[in-house]
Number of protein chains: 2
Amino acid sequence: MEPQSTPRIAQQLAFLVEADKLKNVLRRTTLTDRSRQENSAEHSWHLALTAMVLEEYAASPVNMAKVLRMLAVHDVVEIDAGDTFAYDAAGNATKEEREKRAADRIFGLLPTDVAPELRALWEEFEQAVTPEARFANAVDRVQPFLQNRAAGGGTWRTPNLSREQVLARMDLVRANLPRLWPTILATLDKFFPK
Amino acid sequence: MEPQSTPRIAQQLAFLVEADKLKNVLRRTTLTDRSRQENSAEHSWHLALTAMVLEEYAASPVNMAKVLRMLAVHDVVEIDAGDTFAYDAAGNATKEEREKRAADRIFGLLPTDVAPELRALWEEFEQAVTPEARFANAVDRVQPFLQNRAAGGGTWRTPNLSREQVLARMDLVRANLPRLWPTILATLDKFFPK
């Protein structure tokens, strides 16, 4: 780091350079043209845009600055912990522990007065209790839904994946973006006939 | 589109599916590990995170909700217009016209009552006059700076690129993130000795 950077600026820039690695974390979901897997950085951007466009359907009013900040950090821990596929039971059993260690290291790159704020946004997202976190988590269900639908099935084609598993995963949308639910259900009825 | 979607929802979802294409728009900048070019979608996410971390250095106070919304849409026109390299004089001569046509089509996918709002955010970014747009544009200079620095030069190695061209491009940082300027200058002094 240049001597001209204060230690504070050096820490902030080091965090931002580390964040670049999220572009190499691959999700199971593909692009709509099926050309490759989506990475967690571009996915995070797509969620921000989805939140902006679907805000009018939120079940409760939300503070959009908080939602957008939360979505920007929600997957950063995957730099160390990797993306855990929604329907991977074994992976999900160890997800919390792996992600907590990742959060310690990655948010720990920031100055100590700002690290807790960003980490708290990630924790709020994970707990999915506040209106902003519930809305953000619902948006995190709708975006892969749209990718799968446009790609002709996508991760819904995972062997042995049941209608019940997908409905359980999508239930956050029913609760937090209720006016989108008929659209979701119509598509899932087609891919997973009753 | 499913009959269960209202026409309004169908338009909003069509816009979000179209937005997926930004993940295939490649920039000249590479990832810090130089493994591949960066795309405009993951770049947009990285700008959001950069804005959050560097907000304390903004020359004027900014409305962060507006900044984050602006950054989410600032490159969407590239789906049609492509990424225009900062130091491509011929490309920049036609950029405005190409991007206006792209904005007509892409924001035009949205319902007519919300399209103007998102388009206005993009125009505000392009005009770079308001505090939010000036800050967002400065952030859009800092992030590729960090990528280039970490990658050992990156696009600064473009043949015939001069110190003056890079300094002119980075001047927005001097004006809008003044406390970062010594760091920027120290790095540029190393890559482009006086």
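Using only Cα atoms, find the angle between the long axis of helix A:7-19 and the longest principal axis of chain A, and express it within 0 to 90 degrees, rounded to the nearest 10.
30 degrees
Within the protein assembly as shown, how many lysine pairs that are 8 or more places apart, or on different chains, have C-alpha atoms less than 22 Å apart?
Taking the Cα cut-off of 22 Å, the pair count is 15.
Per residue, what volume in Å³ does the Cα convex hull of the protein assembly as shown take up? Working shown, then result.
On the way: hull volume 52.2 nm³, N = 388.
It comes to 134 Å³ per residue, whole-number rounded.
From zero up to wherever the largest Cα-Cα distance of region B:146-194 sits, split into 5 Å bins and tell me the percent of pairs in each.
4, 21, 32, 29, 12, 2, 0
Distances from A:Asp189 to the same position in the other copies: list them in nm, one decimal, shortest first, using label points 7 Å from Cα along Cα→Cβ.
Inter-copy label distances (nm, one decimal, shortest first): 6.9.
Got the B:Leu161 label distances to the other copies yet, label 7 Å along Cα→Cβ, in nm, shortest first?
Shortest to longest, the spacings are 4.1 nm.
If contacts are Cα pairs under 8 angstrom and at least 6 residues apart, what is the relative contact order of chain A in percent?
Reported relative contact order: 25 percent.
Once you place label points 7 Å from the Cα toward the Cβ at B:Ala59 and B:Leu26, how far apart are they in nm?
Going from the B:Ala59 label point to the B:Leu26 one covers 3.5 nm.
In a GNM of chain B with a 10 Å cut-off on Cα contacts, which of B:Glu55, B:Glu78, B:Glu97 has the highest mean-square fluctuation?
Top of the fluctuation ranking is B:Glu97.
How tilted is helix A:163-176 with respect to the longest principal axis of chain A? Cα atoms for both, answer in degrees (0 to 90, nearest 10).
It is inclined by approximately 60 degrees.
Of the candidates A:Glu96, A:Glu123, A:Glu38, which one comes out as most mobile in a Gaussian network treatment of chain A with C-alpha springs shorter than 10 Å?
With Cα springs under 10 Å in chain A, the top fluctuation among A:Glu96, A:Glu123, A:Glu38 is at A:Glu96.
Starting from the amide H of A:Glu38, placed 1.01 Å from N in the peptide plane, find each other amide H under 5 Å away whose residue is 5 or more places distant or on another chain.
A:Arg27, A:Thr29, A:Thr30, A:Leu31
With the alpha-carbon atoms as the only input, what is the per residue convex hull volume for region B:1-83 in Å³?
138 Å³
Mind sorting A:His46, A:His74 by how few other Cβ atoms lie within 10 Å of their own Cβ, fewest first?
With the sparsest Cβ surroundings first, the list reads A:His74, A:His46.
Given q = 0.10, 0.14, 0.21 Å⁻¹, what are the Debye log10 I(q)/I(0) values for region A:1-154, with equal point scatterers placed on the Cα positions and solvent ignored?
For region A:1-154 at q = 0.10, 0.14, 0.21 Å⁻¹, log10 I(q)/I(0) is -0.38, -0.74, -1.43.
For region A:65-121, what Kirkwood radius comes out of the mean inverse Cα-Cα distance, in Å?
Kirkwood hydrodynamic radius for region A:65-121: 12.0 Å.
Can you compute the helix-only [θ] at 222 nm over the protein assembly as shown? Use -39500 (n - 2.57) per DSSP H run of at least 4 residues, normalise by all residues, nearest 500 deg cm²/dmol.
Value at 222 nm, helices only, nearest 500: -19500 deg cm²/dmol.
Taking A:Gly91 in one copy and the same position in all the others, each labelled 7 Å out along Cα→Cβ, what are the pairwise distances from the first, in nm, shortest first?
Result for A:Gly91, in nm, nearest copy first: 3.5.
Computed over the Cα atoms of region B:69-194, what is the convex hull's projected area averaged over all directions, in nm²?
The directionally averaged projection comes out at 8.4 nm².
Bear in mind that the values in this text are calculations on the coordinates, not laboratory data. Bear in mind the structure is a predicted one, so any value in this text is a computation, not a measurement. Virtual Cβ from ideal backbone geometry, glycine too; neighbours counted across all protein chains shown.
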